[in-house]
Each structure stands twice: as C-alpha cells, then as structure tokens.
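Visitor: The structure is given below, and queries will be raised subsequently.
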Amino acid sequence: FARVILAEGPAAAAQGVAICYDCRVHSQEFARAAAGVMAANGIPVRLFQALRPTPELSFAVREYGCIAGVNVTASHNPKEYNGYKVYWQGGAPPAPQLYGKSAFTVRLRAAHVRPLPRNAVCRGRRP
C-alpha cells in the first residue's frame with residue numbers, strides 16, 4: 001500500500017497515514033510492522049497506542065488530513081485470522097481505480113512468496 005501512496009506524489013505521501021488495530025491475534029505487531037513499512041518509505045505515520053474501532057480510524061484520517069488509513073482487523077472473519085483494510089483520504093474505502101492499484105501490488109508480491117505450511121499458521125495465541 002505504501003507504493004500506492006507514493007504513486008500519488010510527494011505532497012500526498014507527506015500527509016501521512018493513520019494506523020489502528022483491533023484485539024485479533026497479533027494485531028498490534030502487524031500494525032507496528034505496517035507502520036515500519038510506511039516510515040521506511042518516508043510516509044509519516046500516526047499509530048494508535050491502543051485498540052480502536054474502525055469508525056475512529058476514519059475520523060482520524062479526516063481529522064489529521066491523512067492521505068490514507070490502515071486498519072489491522074479480520075473484521076467478520078474467524079478469530080484465528082487477521083487482515084489489513086485500507087481507507088483513503090476522507091476516511092472511506094478507496095475508489096475502485098485506486099483499489100485496483102493496491103490489488104495489483106498484492107498480486108505481484110504474492111507471486112514471489114512461498115505459502116506457509118498449514119501448521120505454521122498462528123493458533124490464536126495472544127502476545
């Protein structure tokens with residue numbers, strides 16, 4: 001997602017991202033990793049220090065004028081999973097044309113990643 005933000009130009013990237021997470025397994029670590037990727041790409045990050053619901057992330061994106069937001073959550077999926085939801089400026093999900101860029105990046109990366117063995121998946125342990 002950092003590449004999508006950077007593609008919008010330096011002024012857009014300088015607006016930064018807000019990142020929050022929920023109580024799912026390893027959400028905080030995943031959020032910190034996402035923040036590290038953004039920061040390593042020169043994108044300022046506002047990382048919540050504790051659990052936050054999605055509406056609060058949407059508010060933060062608008063309140064701080066961020067170009068985007070990231071919510072580490074599996075949403076309605078089973079508790080042993082986790083996920084990464086992105087939001088664009090204004091606190092809403094990205095427009096289809098932008099989402100297509102993000103999906104392309106994920107597909108490109110996935111082509112170079114070996115799948116983990118089934119027994120490597122976290123079994124719901126909390127940090």
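The values are calculated or read from the model by the stated rules, or taken from the named source; none is laboratory data. All figures in this text were calculated on a predicted structure; none of them were measured in a lab. Heads up, the Cβs are rebuilt from the backbone with ideal geometry, glycines too, and the neighbour counts pull from every protein chain shown. Just the protein is used for accessible areas: all its heavy atoms, side chains included, with ligands, DNA and RNA removed. Shrake-Rupley method; radii C 1.70, N 1.55, O 1.52, S 1.80 Å.
Visitor: Look through region 1-12, keep the residues that are under 15 Å from the mean Cα position of the chain (by Cα) and over 11 Å from Val70 (Cβ atoms), and return whichever of them is surrounded by the most Cβ atoms within 10 Å (Cβ to Cβ). Explain how you work it out, then say what you get.
Guide: Narrowing region 1-12 to residues under 15 Å from the mean Cα position of the chain (by Cα): 1-6.
Applying the additional criterion that residues be over 11 Å from Val70 (Cβ atoms) yields 3-4, 6.
Details: Arg3: 14, Val4: 20, Leu6: 15.
So, considering only residues that are under 15 Å from the mean Cα position of the chain (by Cα) and over 11 Å from Val70 (Cβ atoms), the one surrounded by the most Cβ atoms within 10 Å (Cβ to Cβ) is Val4.
Visitor: What tally of residues in region 1-37 results from selecting those that are over 24 Å from His76 (Cβ atoms), in contact with a Leu (Cβ under 9 Å, 6 or more places away or on another chain) and among the hydrophobic types (A, V, I, L, M, F, W, C)?
Guide: Final tally of qualifying residues: 4.
Visitor: If you scan region 9-24, which residues turn out to be under 16 Å from Ala92 (Cβ atoms) and part of a strand (DSSP E or B)?
Guide: Of everything in region 9-24, those that are under 16 Å from Ala92 (Cβ atoms) and part of a strand (DSSP E or B) turn out to be Val17, Ala18, Cys20.
Visitor: Another question about this same structure. Could you check region 27-117 for helices (runs of 4 or more DSSP H) lying wholly inside it with 1 or more residues that are closer than 19 Å to Gln15 by Cα, under 16 Å from the mean Cα position of the chain (by Cα) and at pLDDT 90 or above? Full working, then the answer.
Guide: Numbers: elements: 27-40, 54-63, 96-110.
So the answer is 27-40, 54-63.
Visitor: What pairs can you find where one residue is in region 32-54 and open to solvent by 40 Å² or more (accessible area, probe 1.4 Å), the other is among the small types (Gly, Ala, Ser) and assigned to a helix (DSSP H, G or I), and their Cβ atoms are less than 6 Å apart, with a gap of 6+ or different chains?
Guide: From residues that are open to solvent by 40 Å² or more (accessible area, probe 1.4 Å), the pairs are Val37/Ala2; Asn41/Ala2; Val45/Ala35; Val45/Ala39; Leu47/Ala35.
Visitor: Return the pair list, or none, for Cβ contacts closer than 9 Å from residues in region 61-85 that are over 24 Å from Ile43 (Cα atoms) to residues that are β-branched (Val, Ile, Thr), at least 6 apart or on different chains.
Guide: Ala74/Val25; Ser75/Thr54; Lys79/Val25; Glu80/Val25; Glu80/Val121; Tyr81/Val25; Tyr81/Val121
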